[in-house]
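Colleague: Take this structure, written in structure tokens, and hold onto it; I'll ask about it next.
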Amino acid sequence: LLLRWRRRRRLWRKVEAARQRQERSLVQMEMAIWRFREQNPSVNMVSILSLPLPELSRKLRDGSLPLEHVFYAYVGKALQIATETNCITEYLQESETQLRKAKVSGNLGLLYGVPVSIKDSIDCQGHDSTLGFIKNLNKPAAEDSVVVQVLRRQGAIPFVKTNVPQSLISYDCKNLIFGQTFNPLLYTRSPGGSSGGEGALVGGGGSILGFGTDVGGSLRFPAAFCGVCALKPTGNRLSKKGIIAGVVGQKAVAAAVGPMAKDVESLALGMRALLCKDMFDLDSTVPPLPFNEEVYSSTQPLRIGYYETDFFTMPSPAMRRAVRETKQLLEDAGHTLVPFELANVDYVIFNFCIRGLFADGAASFVRKFEGELEKSSTGLLFWLAKSPNWLKTLLSWIAKPFHPLMPFIGFVLFFSTVDEVWSLHHEIEEFCHQFIAQWKKLNLDVMLCPMLGPALGIGYPAKLSVAVSYTMLYNALDFPAGVVPVTMVTDEDEEELKSYQGYFRDWWDRNLAKAFHGSVGLPVAVQCVALPWQEELCLRFMKEVETL
């Protein structure tokens, strides 16, 4: 007991030291702003913050807007949003040195002088990538991830790292070290996750361009919950070298790194900057596919598949209305909309995604929590993963008469043999081919889908891990998918929500109804999807939705 008490004390001291570093970061930001304002009292920071990224980038490159004006405008706004939402874990003070060097270097990359924010799990040299784990504190990255290296070469200035949920396997944003991040639109709501710090910072206007990762919706949830745009590319379109995964080594569910911003044009600029020779040279596993301007700028009418529900997670009234209204606007603009039928989404989520992520019986996932003071915000999933096989079997059979999906949860967390894993990977490949065949039979260009929303109350994502069905499907398929906010929750939506029962009328459905409640005025997004490697077409479709 004494040894355990001493070990816990040591861990708490590490946590306290990390929190103090976070506080010092905010003080450093405050001091930097104060010095700048003392020397430049007449700078109109509000007008700088109102500029969209493409215009801001042009002004920086042609010299009509000084680099330091833009940098300190965003440092000031980021400090305000961090104070309100607790989204920043660390200020990258070397960004001030990079700013001074950029002024004399003459390197006018596509993102010259643009301050960018970086998710905690993306390596920045000299800084921790904690994933919310105490064991990862005081282990600074030896070098920048490839994405950060390319951003720097394009003139961007990474200036902050942002908060994540412990382990990344959550679509909330809380860990023991840095605490809960709040939604900038309504502090009682989750900002989404796992790129939740990015969502809060970009959504609050404290970053004009952020970068996160996505293995089940981790870019799309924060963007949708905070009212901004994000793109999850095909898994290997951008380099993942130097990016720490939530579950290392699994190949069943494709993870991706991508941008988040206020508008689609900013996402396109971020992708344009990254898809360059530097990235292909630094990581030869990334296919050398530069950004296709012709596809992105095309104005040809699109043939668009759509669905209002996946028949697994019943959409909220606002989600269903968002898809219907967007469909109508697209038809009025001359595009062709074609119904698309989804089948067996429950099997995909449980058997492909959850079983694929945790094919080792979740042993490697559970091992990450050894020696930690807190044991994860993934709730039921973590508890089941730790349970012995006999208990999983017993719970599955007990629950079977009461709920048709419950047996899956126990069985998917059993250890899989190599033969079973290979079978699973083959089954996922076959499913992907069938999905594409259905897509091509309908002669589709892109797909319009629901996106979970509005933002759930804080704490609800841990109780509703199964509600990832709309997003995780496209990680299993490895299709590019983006989100665009299109509407807000109305009084009529809220009234209709009173009769929401879900498809199974179970504990999950009841909790989801509670999580949606009281959301009038919050944003609701739709999801835009394209076939693998067609990020430019996906962005083009997103731009069309945004414009309409």
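The values are calculated or read from the model by the stated rules, or taken from the named source; none is laboratory data. Model, not experiment: these values are computed from the prediction. Cβ placement follows ideal geometry from the backbone for every residue including glycine, while neighbour counts extend to all protein chains displayed. These accessible areas exclude ligands, DNA and RNA; they are computed on the full protein's heavy atoms, side chains included. Shrake-Rupley method; radii C 1.70, N 1.55, O 1.52, S 1.80 Å.
Colleague: In the full protein assembly as shown, how much of Leu444 is accessible to a 1.4 Å probe, in Å² to the nearest 10?
Modeller: For Leu444, solvent-accessible area is about 20 Å².
Colleague: Which cross-chain or sequence-distant (5 or more) residues have an amide H under 5 Å from the amide H of Arg189, H modelled 1.01 Å from N in plane?
Modeller: Amide H to amide H, under 5 Å and 5 or more residues apart or across chains, Arg189 pairs with Asn183, Ile458.
Colleague: Then there's this: Hey, what does the equivalent ellipsoid look like for region 1-291, semi-axes from the Cα gyration tensor as sqrt of 5 times each eigenvalue, largest first, whole Å?
Modeller: Computed over region 1-291, the values are 28, 23, 18 Å.
Colleague: Also, I was wondering about something else. Which percent, nearest 5, of DSSP beta bridges in the chain are antiparallel? Spell out each step's value before the answer.
Modeller: Working: 30 of 45 bridges.
If we restrict to bridges inside the chain, about 65 percent are antiparallel.
Colleague: Using 0.36 nm per residue, how much length does the chain from Ser499 to Glu420 gain when fully extended, once their Cα-Cα distance is taken away? Show your work: numbers first, answer last.
Modeller: Working: separation 79, 0.36 × 79 = 28.44 nm, distance 4.22 nm.
Between Ser499 and Glu420, full extension yields 24.2 nm more.
Colleague: Listed highest first by mean packing, meaning other Cβ atoms within 10 Å per residue, what order do 514-523, 80-89, 167-176, 330-339 come in? List each step's numbers first, then the result.
Modeller: Values: 514-523: 18.9, 80-89: 22.4, 167-176: 27.6, 330-339: 13.8.
Output ranking for 514-523, 80-89, 167-176, 330-339: 167-176, 80-89, 514-523, 330-339.
Colleague: Tell me, what are the semi-axes, in whole angstrom and largest first, of the equivalent ellipsoid of the chain as set by the roots of 5 times the Cα gyration tensor eigenvalues? It would help to have the intermediate numbers written out before the result.
Modeller: On the way: eigenvalues 240, 173, 101 Å².
Computed over the chain, the values are 35, 29, 22 Å.
Colleague: Rounded to the nearest 500, what is the 222 nm mean residue ellipticity of the chain from helices alone, with -39500 (n - 2.57) per DSSP H run of 4+ residues and division by all residues?
Modeller: On the way: 22 runs with 240 residues, N = 548.
Estimated from H runs of four or more residues: -13000 deg cm²/dmol.
Colleague: Something else now. With an 8 Å Cα cut-off and a minimum separation of 6 or more residues, compute the relative contact order for the chain in percent.
Modeller: Relative CO of the chain lands at 16 percent.
Colleague: Set Lys and Arg Cβ to +1 and Asp and Glu Cβ to -1, take the dipole of region 1-291 about its Cα centre, and tell me which of Trp12, Gly246, Tyr112 lies farthest positive.
Modeller: Going by the Cα projections, it comes out as Trp12.
Colleague: Quick one: net charge around Ala102, please, counting Lys, Arg +1 and Asp, Glu -1 for every other residue with C-beta under 11 Å from its C-beta. Please report the intermediate quantities before stating the final value.
Modeller: Values: positive: Arg100, Lys101, Lys103, Arg152; negative: Glu68, Glu96.
Taking every Cβ under 11 Å from that of Ala102, the sum is +2.
Colleague: Can you tell me which of 345-355, 11-21 comes out highest on packing, and rank the rest after it, using the mean Cβ neighbours within 10 Å?
Modeller: Working: 345-355: 21.2, 11-21: 14.3.
Result, highest mean first: 345-355, 11-21.
Colleague: Give me the one-decimal nm value for the distance between modelled label points at Leu108 and Leu548, 7 Å along each residue's Cα-to-Cβ direction.
Modeller: 3.8
Colleague: Could you name the lysines in cross-link range of Lys119, using Cα to Cα under 19 Å and dropping any fewer than eight places away on the same chain?
Modeller: Lys77, Lys135, Lys139, Lys161, Lys174, Lys232, Lys240, Lys241, Lys262
Colleague: Ok, one more. Between Gln300 and Arg6, with labels modelled 7 Å along Cα→Cβ, what's the label distance in nm to one decimal, could you check?
Modeller: Those two pseudo-labels are separated by 7.2 nm.
Colleague: Let me ask something additional. Read phi for every residue in region 45-53 and hand back ³J(HN,Hα) as whole Hz from Karplus 6.51 cos²θ - 1.76 cosθ + 1.60, θ = phi - 60°, with x for Gly and Pro.
Modeller: These are the phi-based 3J(HN,Hα) values: 6, 4, 5, 5, 5, 7, 6, x, 4 Hz.
Colleague: Another question, then. Aspartates and glutamates near Lys101 by alpha-carbon distance under 14 Å, same-chain residues fewer than 8 away left out - which ones?
Modeller: Correct list for Lys101: Glu68.
Colleague: Once phi is turned into θ = phi - 60°, what whole-Hz ³J(HN,Hα) does the Karplus curve with 6.51, -1.76 and 1.60 give for every residue of region 76-90, x standing for Gly and Pro?
Modeller: Residue by residue, region 76-90 yields x, 5, 4, 4, 4, 5, 5, 5, 7, 10, 6, 9, 9, 9, 7 Hz.
Colleague: Modelled label-to-label distance, Lys139 and Ser364, 7 Å Cα→beta-carbon offset: nm?
Modeller: For the pair Lys139/Ser364, the computed spacing is 1.4 nm.
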